[in-house]
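To start, the structure itself, in structure tokens.
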């Protein structure tokens with residue numbers, strides 16, 4: 001439970017942290033983000049110009065409000081609060097923002113006036129004697145501009161419209177023709193014969209909008225994560241409980257309600273000790289697989305502290321029913337160990353270059369295009385199921401199940417129910433709801449009946465009916481179930497001999513023996529022996545590429561009664577024996593002998609074949625053709641000639 005819940009704990013910690021951030025921002029519930037611009041006409045016109053050229057995401061609402069002059073009073077600004085949701089950001093002038101921040105609970109972003117903006121305004125006036133009128137406070141940085149540009153700047157401040165009118169009248173009386181200020185000053189200036197020049201620039205307005213959008217983007221991301229993690233918590237089958245650092249419950253999943261048998265409304269706000277008094281908690285430490293009892297149920301809990309920047313913010317509890325955990329683990333184990341209804345091998349997995357095996361593969365590929373039944377003959381260990389899977393994967397049924405049944409491995413008492421299935425109550429111990437048989441599971445696919453000669457006669461009759469009628473009936477059932485399957489049967493016995501002995505039905509034999517495929521034994525395709533041996537050791541022994549064919553001569557003179565399965569076992573024994581050994585020709589020869597004849601390490605000389613005999617037999621095989629002999633032995637023509645000279649052949 002510890003490892004499976006680790007990532008969940010990480011996600012829930014993020015969820016709790018995000019929820020905390022959102023609550024601190026005053027954002028409760030999902031609200032549409034919004035930007036509101038507050039200002040007078042000149043300021044509003046500048047904002048409209050910026051918005052026309054800036055991309056504003058469709059999920060952000062925006063609004064431009066012109067503030068009537070009387071709203072500059074703090075008491076009047078309070079009336080705006082009821083119009084704004086917590087997710088609304090206000091953009092206002094540099095100086096008016098000071099008043100709005102004191103009154104509104106929303107985030108207020110000022111459009112900053114920079115030294116560059118003032119310089120631009122002064123250049124627009126073309127005068128060395130300018131007047132700047134500010135709302136609330138003067139700009140301290142303007143003294144630096146005065147010294148640098150040899151310009152005399154006079155600043156005035158006003159707190160309400162009456163003071164503003166008085167200042168404009170004073171400026172007019174002093175003979176000034178221009179005034180620099182905010183949007184309200186610029187709007188009022190013409191009434192006094194003055195030209196108003198706004199000190200708000202396009203760049204400063206754009207910067208304010210970008211700040212607002214960045215903040216709303218962060219809010220949206222946090223909100224998305226919060227909703228996502230809340231969904232994860234609610235959908236998780238474990239009961240999830242989140243508490244603050246004092247173990248007071250603040251979040252509970254729906255699953256926790258069911259497991260604990262209590263409603264969330266009864267638990268939110270209470271301490272965990274009140275909710276689950278039987279759960280022993282070691283504060284500050286992570287705990288896993290803690291068993292406790294609650295309302296006569298045995299439960300298990302994983303507990304993890306939530307840490308942010310070294311500060312403990314609370315705890316996360318994942319709770320489950322012990323019986324449910326055990327049942328889940330049982331199902332998982334069953335799924336892992338259960339043989340999948342799929343064919344894992346194809347013709348590319350069949351190893352062999354001998355003409356005999358290549359011809360067999362060619363014939364099998366032809367059979368795969370047909371829907372007729374196939375009977376595969378071959379000794380044990382030749383790879384009959386490998387061919388059956390390859391035929392299935394090459395056929396037009398490859399997207400459907402491949403079901404393999406070893407008729408000799410299942411007890412006769414179980415074969416009937418396994419092949420045909422059963423209904424609920426069909427016999428003592430029958431599974432509730434019944435069980436589909438292997439023929440049903442193989443519908444539209446292939447069923448492989450290995451060692452079919454071992455099938456009891458009464459089941460042979462039922463199998464014949466399946467082949468003839470294309471339908472089955474479960475044990476204890478009264479419903480006929482139509483099926484569409486292809487049957488591939490295999491046997492290491494001669495079925496015709498079994499028919500003559502009365503062990504196998506003649507009519508079934510001819511029904512499954514539409515297409516015949518014979519898998520040759522390994523002793524009849526000696527060209528593949530070294531290839532198979534190297535294949536089976538390639539993942540274990542790094543020297544597999546350096547072992548030459550002549551070093552494996554003893555393999556070619558073994559009869560291989562166990563066929564490919566036997567050579568795989570020999571290769572495995574060889575890889576075990578060679579570990580830690582100093583590899584040489586003599587080492588390889590000795591260990592191969594031990595791998596071939598493990599029951600007798602001191603192999604008699606009569607079991608060994610000399611190199612001279614191997615080379616001579618190979619030359620005889622190819623009628624003295626040195627090119628073919630050298631290729632077969634895995635050496636160059638020059639090496640073969642040298643060996644022949646040394647061996648006096």
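The values are calculated or read from the model by the stated rules, or taken from the named source; none is laboratory data. Just so it is clear, the model here is predicted, and its values are computed rather than measured. Cβ sites come from the backbone with ideal geometry, for glycine too, and all protein chains shown count toward neighbours.
Look at residue 439 and say whether it is touching a strand residue (DSSP E or B) at 6+ places or on another chain (Cβ under 8 Å), outside the structural domain of residue 566 (by TED's automatic domain parsing), at pLDDT 90 or above and in a helix (DSSP H, G or I). Before you say what the answer is, go through the steps one by one.
Values: touching a strand residue (DSSP E or B) at 6+ places or on another chain (Cβ under 8 Å): yes; outside the structural domain of residue 566 (by TED's automatic domain parsing): yes; at pLDDT 90 or above: no; in a helix (DSSP H, G or I): yes.
No, not satisfied.
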* Structure fact -> Here, strands (runs of 3 or more DSSP E) confined to region 1-119 with at least 1 residues that are modelled with pLDDT under 80 and touching a helix residue (DSSP H, G or I) at 6+ places or on another chain (Cβ under 6 Å) are 61-66
* **Sole exception among (1) outside the structural domain of residue 617 (by TED's automatic domain parsing); (2) at pLDDT 90 or above for residue 475, by number** => (2)
* Asked: Just checking, which of 581, 601 is at pLDDT below 70 and either over 25 Å from residue 521 (Cβ atoms) or not in a helix (DSSP H, G or I) (or both)?
  -> 601
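Counting only residues that are outside any loop (DSSP other than H, G, I, E, B) and either under 38 Å from the mean Cα position of the chain (by Cα) or surrounded by 16 or more Cβ atoms within 10 Å (Cβ to Cβ) (or both), how many does region 346-355 have?
Kept after step one, since they are outside any loop (DSSP other than H, G, I, E, B), are these residues of region 346-355: 347-349, 355.
Among the residues that remain, those that are also either under 38 Å from the mean Cα position of the chain (by Cα) or surrounded by 16 or more Cβ atoms within 10 Å (Cβ to Cβ) (or both) are: 347-349.
Here the count works out to 3.
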* Flag for residue 253 being closer than 30 Å to residue 130 by Cβ and in contact with a helix residue (DSSP H, G or I) (Cβ under 7 Å, 6 or more places away or on another chain) -> no
* Could you check residue 240 against (1) within 27 Å of the chain's Cα centre (by Cα); (2) without any contact (Cβ under 8 Å) to a residue 12 or more places away in the chain and say which number it fails? => (2)
* Asked: Any idea how many residues of region 466-483 are surrounded by 13 or more Cβ atoms within 10 Å (Cβ to Cβ) and outside any strand (DSSP E or B)?
  -> 7
* Determine if region 527-541 includes at least one residue that is out of contact with any helix residue (DSSP H, G or I) (no Cβ under 9 Å at 6 or more places or on another chain) and modelled with pLDDT of 85 or more. => yes
